[in-house]
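This report refers to the structure that appears directly beneath it.
The values are calculated or read from the model by the stated rules, or taken from the named source; none is laboratory data. Because the structure is a prediction, the values reported are computed rather than measured. All Cβ positions, even for glycine, are placed from backbone atoms using ideal geometry, and neighbour counts span all protein chains on display. Surface areas here come from the heavy atoms of the whole protein model, side chains and all, with no ligands, DNA or RNA. Shrake-Rupley method; radii C 1.70, N 1.55, O 1.52, S 1.80 Å.
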Amino acid sequence: MPTNLPPEAKDKWAEVEATNDPKLKLQKYQEFLAEVPQHKGTMKLRGTIKRKMALIRKDLDEKKSKRTGLRSGGPKFFVEKEGSAQIALVGMTNVGKSSLLAAVTNAKVEVSPVPFTSRDPVPSIMNFKDIQLQILETPAIIEGSADGKLWGSQTIACARNADGLILMVDLTSDPVAQLQTVLGELEKARIATSKPKGKVDIDRKHTGAALRIVLVGKLLDCSMQEVEALLRSHRVNDAIVKISGEVSYDDVEEAIYETTTFKPTLIVANKLDIKGSDSNFRALERYVQGKLPIIGISCEQRLGLEKLGEKMFNTMEIIRIYTKEPSKKDPSSKPFTLRRGATIQELAKSIHGEFIKNFAYARVWAKRLVFSPQKVGLTFVLEDGDIVEIHTK
Ligand SMILES: Nc1nc2c(ncn2[C@@H]2O[C@H](COP(=O)(O)OP(=O)(O)OP(=O)(O)O)[C@@H](O)[C@H]2O)c(=O)[nH]1
Ligand SMILES: [Mg+2]
């Protein structure tokens, strides 16, 4: 949906982008917002700005409390990542988020029939195979979370920062409606749960650097000239804009304000123990049509929990690589974890930057290879369970 911003708003946005001073930025956001007309086409944009302002305010508060030596009592927006992946657990209230955390990790959280019990993100580690997954319970989502209602700014910040999501629904009340609400809020916050067909990256440069548009893909409904005119009308005159995959005019306009981020998502449908919930589960499956993975569980009866680790591992597309030193007989028992499609290059990088510079070749042991070990180069695509020995010059 087009935002149809007036030129005054576009000028203000240029001022927002031009400053890195948090206080000034906050003020510029406010001024920008005052110029944004209130209609459906700008709804997402207004939400984005409010969230960005909340983040800056939070940052400023923290700095102030550090200076004064007082402990920051404010809400947590970011939780440090641990393990192979940070997975934000999102859902409406009372769906059983805390119950799940308590069931699969050693977190001490409050489970209660009272709505909105959890008001702060709570991280906890779940062991799976020989790796660890960090699950982060977030405050409940309601309609309006993306605009900052209740603890929305926190939940959205956690979801945007995480590597993936568990979207939890309660099977004792309409799960499709819950799914729609949560997906709606995520969408407003420019969090995509399915792999986007295209991507727009805007890398702003200093004044005078000129505008360069690099297209490696296809524009769906506009020409390069129109894209350039759009960017320039939003005062994007000095930047490298990378467009890859299939991208529409609206996608380009959205990227000016905030890039859409994709999070692999697993739907977890809880309370399968309650009578009648199986028909709700089937309705949910019909609605989702296989577009997202779903798992039915009961935290209370501990049903289906044994499948959760595997489902998350697959959804997150994690692969485990066991490295071996040339002088040693056995590979390390602790794997490096990467994402599906990763190559020797990414492995080398995650072990040590120096490895790439001095890389000679690697040897790989894997069941799928006819001969193991096989001598390979940096572009070799790894799979879960591969054993790799890197040789340097
Ligand atoms: N029958 C049944 N009840 C459950 C199950 N899981 C959780 N509950 C109940 O659902 C209620 C809410 O559970 P919580 O785990 O606190 O839910 P939450 O999503 O963390 O809720 P908030 O943090 O308040 O948003 C509690 O009364 C739980 O006992 C389940 O598998 N089956
Ligand atoms: Mg809770």
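Identify the residues of the stretch 79-101 with backbone N under 17 Å of a label point that sits 7 angstrom from the Cα of Thr117 along the Cα-to-Cβ direction, or state none. 89-101, by backbone N distance to the label point.
Once a ≥ b ≥ c are taken as the square roots of the eigenvalues of the Cα gyration tensor of the stretch 30-160, is the result rounded (a/c under 1.5), prolate (a/b larger than b/c) or oblate (a/b not larger than b/c)? Judged from the Cα gyration tensor, the stretch 30-160 comes out prolate (a/c at least 1.5, a/b above b/c). Each peptide in 19-28, 167-176 receives the mean, over its residues, of other Cβ atoms within 10 Å, and ordering these scores from highest gives 167-176, 19-28.
Checking the cross-link pairs Lys63/Lys199; Lys81/Lys329; Lys81/Lys367; Lys81/Lys129; Lys291/Lys367 against a 24 Å limit on the alpha carbon distance flags Lys63/Lys199; Lys81/Lys329; Lys81/Lys367; Lys291/Lys367 as lying beyond it.
Approximating the spin labels as points 7 Å out from Cα along Cα→Cβ, the Met43-to-Thr93 distance works out to 2.3 nm.
Label-to-label distance for Tyr287 and Lys195 is 2.6 nm, based on points extended 7 Å past Cα in the beta-carbon direction. Summary value for the stretch 244-373: 15 percent relative contact order, contacts being C-alpha pairs under 8 angstrom separated by 6+ residues.
Applying 1/(1 + (r/R0)^6) with r as the Cβ-Cβ distance of Gln301 and Ile125 and R0 = 25 angstrom yields a FRET efficiency of 0.60. With both residues required to sit in the chain, DSSP beta bridges show an antiparallel share near 50%. Share of carbon and sulfur in the accessible area of the chain stands at 51%, probe radius 1.4 Å. Annotation: extensible slack from Asp238 through Ala18 equals 78.1 nm (criterion: 0.36 nm per residue apart, minus Cα-Cα distance).
Relative contact order, whole percent, for the chain stands at 13, derived from Cα pairs under 8 Å and 6 or more residues apart. When the charge dipole of the chain is built from unit charges on Cβ atoms (+1 for Lys and Arg, -1 for Asp and Glu) and taken about the Cα centre, the candidate among Leu266, Met312, Thr323 whose Cα reaches farthest toward its positive end is Thr323. Applying both filters, DSSP loop and at most 15 other Cβ atoms within 10 Å, to the trypsin sites (Lys or Arg not before Pro) of the stretch 235-344 gives Lys275, Lys291, Arg302, Lys328, Lys329, Arg340.
Set the Cα radius of gyration of the stretch 297-381 against 2.2 N^0.38 Å, with N its number of residues, and you get 1.40. Near Val111: Cβ cut-off under 12 Å, other residues only, Lys/Arg at +1 and Asp/Glu at -1. The net charge is -1. Within the chain, the proportion of Cα pairs with more than 37 Å between them is 34 percent. Computed per residue of the chain from DSSP H runs no shorter than four, each worth -39500 (n - 2.57), the mean residue ellipticity at 222 nm is -10500 deg cm²/dmol. Given R0 = 22 Å, the distance between the Cβ atoms of Glu246 and Asn4 translates into a calculated FRET efficiency of 0.40.
Spacing of the modelled spin labels on Ala34 and Lys375, each 7 Å from Cα toward Cβ, amounts to 7.0 nm. Here the gap between Glu110 and Leu60, fully extended at 0.36 nm per residue and compared with their Cα-Cα distance, gives a gain of 15.0 nm.
Convex hull volume of the C-alpha atoms in the stretch 115-227, normalised per residue: 208 Å³.
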